[in-house]
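Everything below concerns the one structure shown next.
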Amino acid sequence: MGAPSGPRTLCLLGSTGVLGSAALAEALAHPDLLKVTALAAGRSTEILGEQAEEVFRTSGVLPTLAIGSERQAQSLRDRLRPLGDPEVLSGPEGLARLASAPGTDTVLCAVTGLAAFPAAHAAARAGRHLILATKEALALGGAALKDLARDNGGRLTPLDSELWAAARLLSFQGLAEAPPGYRLLLTASGGPLWHRPKEAFEHVTPEEILRHPIWPLGPKIAVDSATQLNKAHEVVAAAQLFGFAPEAITVVIHPEARIHAVLGLPGGTELALSAPPDMRIPLVNLLGLPAAPTSASWALAGAISLQPVDVKRFPGVALGHEALASGPGGRAALVGACEAAVEAFLAGRIPFQRIASAVAEAVEKAPACPETPEALLATALEERSALLANLTGG
């Protein structure tokens, strides 16, 4: 079969967030290569409407939309009706329908948290090229989604700085998965609390956590970065997606955020992928778009340091390995409990240090869980609900 004529079609889930907005801008800048056919958001009705109008101005066609509630969907229909007959879906079902709609080549999912999983599952089942940015979905069922996509003629690729780097390093060796003896070093910037003493963690506020020193992040991932639980998710995802043995995956602190992953080969050779801390680099790579112009300076210019993580200050980083040791239920407990604990912290119901300890308790008591997408999601949601009720008294 020859290459398809005309641009590929893109469904963008989570289009109003930081990453989703960047993806839309890149796609609209290359209409000869990508045609945006669908957009979805959770709550940002105004921004989603503006994005739909921008797509219409570029292509002359309104994209199909999905939004959290039917009330919001009707608001969008009323706003966009002068441009045509807008199709606007609502709720989780609408998100899944968008992800599996006929005529879509690529689904980029940048929805936050467990809400992404049903749509990612639908895209994989429909055989799309699923570009999945959601760490929670990758950690919960990355292997199951990857296999499902492959079995239906599609594929899954992670859109995460470190996991993308790991995939690239393996591909340089002609590999999709890591053979025995291969090792992986995942880097962490350290987040906003890296230079603070542990005693100061007691008084940390959500407002402080949301000011990440390097990456522009949404609230959930910003908190995960501060606790280092994002690295626990990445450890689990790397084992899921690439077949690394858990003991072969190590996390280190790299404040400069220039090295995104290091692949260790048998015999002692190490390959590092270095790039400026800019998510547009993996984004355009995975979307198959021309690379953005860069400055002449080398990414590795200046000081480079790799430091061990202090697990006494950041106990969350170790929970990825513990979750893997507990099997599918451990992954579900990690993802569900982390989502609940972060929500409770952002609502001012628990102190910062309680986040990691609450997740650790959930992983330690992880339930049994079958290795299927449906069971993994159900278990994670149960763990989330139970911990949220326990933490907030609800």
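The values are calculated or read from the model by the stated rules, or taken from the named source; none is laboratory data. Small disclaimer: the values here were computed from a predicted structure and weren't measured. All Cβ positions, glycine included, derive from the backbone under ideal geometry; neighbour counts span all protein chains shown. Protein only, heavy atoms only, side chains kept; ligands, DNA and RNA dropped before computing areas. Shrake-Rupley method; radii C 1.70, N 1.55, O 1.52, S 1.80 Å.
Of (1) in a helix (DSSP H, G or I); (2) open to solvent by less than 40 Å² (accessible area, probe 1.4 Å); (3) more than 23 Å from P118 (Cβ to Cβ), A52 satisfies all except one. Which?
Tallying (1) in a helix (DSSP H, G or I); (2) open to solvent by less than 40 Å² (accessible area, probe 1.4 Å); (3) more than 23 Å from P118 (Cβ to Cβ), A52 fails exactly one: (3).
Restricting to region 27-47, count the residues that are in a strand (DSSP E or B) and under 22 Å from the mean Cα position of the chain (by Cα).
Count: 6.
Is it the case, given these coordinates, that A149 is in contact with a strand residue (DSSP E or B) (Cβ under 6 Å, 6 or more places away or on another chain) and either among the acidic types (D, E) or crowded, with 24+ Cβ neighbours inside 10 Å (or both)?
yes
Taking the stated definitions as given, is L175 outside any helix (DSSP H, G or I), out of contact with any Pro (no Cβ under 7 Å at 6 or more places or on another chain) and farther than 28 Å from S225 by Cα?
yes
Working carefully through the options P255, P266, P290, P276, find the one that is in a loop (DSSP other than H, G, I, E, B) and under 23 Å from A356 (Cβ atoms).
Only one candidate passes the filter, namely P255.
Between a first residue in region 324-345 that is under 19 Å from A375 (Cβ atoms) and a second residue that is outside any helix (DSSP H, G or I) and among the acidic types (D, E), which pairs have beta carbons less than 6 Å apart while being 6 or more apart in sequence or on different chains?
P328/E371
What is the one condition in (1) within 19 Å of the chain's Cα centre (by Cα); (2) open to solvent by 60 Å² or more (accessible area, probe 1.4 Å); (3) modelled with pLDDT of 95 or more that A110 does not satisfy?
(2)
When the residues of region 238-286 are narrowed to those that are acidic (D, E) and over 19 Å from the mean Cα position of the chain (by Cα), which ends up least open to solvent (accessible area, probe 1.4 Å)?
Restricting to residues being acidic (D, E) and over 19 Å from the mean Cα position of the chain (by Cα), the top hit is E256.
Restricted to region 55-69, and to residues that are touching a helix residue (DSSP H, G or I) at 6+ places or on another chain (Cβ under 9 Å) and in a loop (DSSP other than H, G, I, E, B), which residue is most open to solvent (accessible area, probe 1.4 Å)?
Per the stated criteria, the residue is V61.
Which ones in region 30-80 are among the small types (G, A, S) and without any contact (Cβ under 8 Å) to a residue 60 or more places away in the chain?
The answer is A41, S44, G49, A52, S59, G60, A66, G68, S69, A73, S75.
Regarding A119, is this residue under 15 Å from R155 (Cβ atoms) and not basic (K, R)?
No, not satisfied.
Quick check on region 126-140: of everything there that is in contact with a Ser or Thr (Cβ under 7 Å, 6 or more places away or on another chain) and not β-branched (V, I, T), which residue is surrounded by the most Cβ atoms within 10 Å (Cβ to Cβ)?
Here the answer is R128.
Within region 168-193, which residues are out of contact with any helix residue (DSSP H, G or I) (no Cβ under 7 Å at 6 or more places or on another chain) and either open to solvent by 30 Å² or more (accessible area, probe 1.4 Å) or more than 21 Å from V251 (Cβ to Cβ) (or both)?
Listed by number, the residues that qualify are R168, S171, F172, Q173, G174, L175, P179, P180, G181, L185.
Mind checking which pairs have a first residue in region 222-246 that is free of Cβ contacts under 8 Å to residues at least 60 places away in the same chain and a second that is of a type in the set (A, V, I, L, M, F, W, C) and open to solvent by 10 Å² or more (accessible area, probe 1.4 Å), Cβ under 9 Å, 6 or more apart or different chains?
From residues that are free of Cβ contacts under 8 Å to residues at least 60 places away in the same chain, the pairs are A222/L210; A222/W215; S225/W215; S225/L217.
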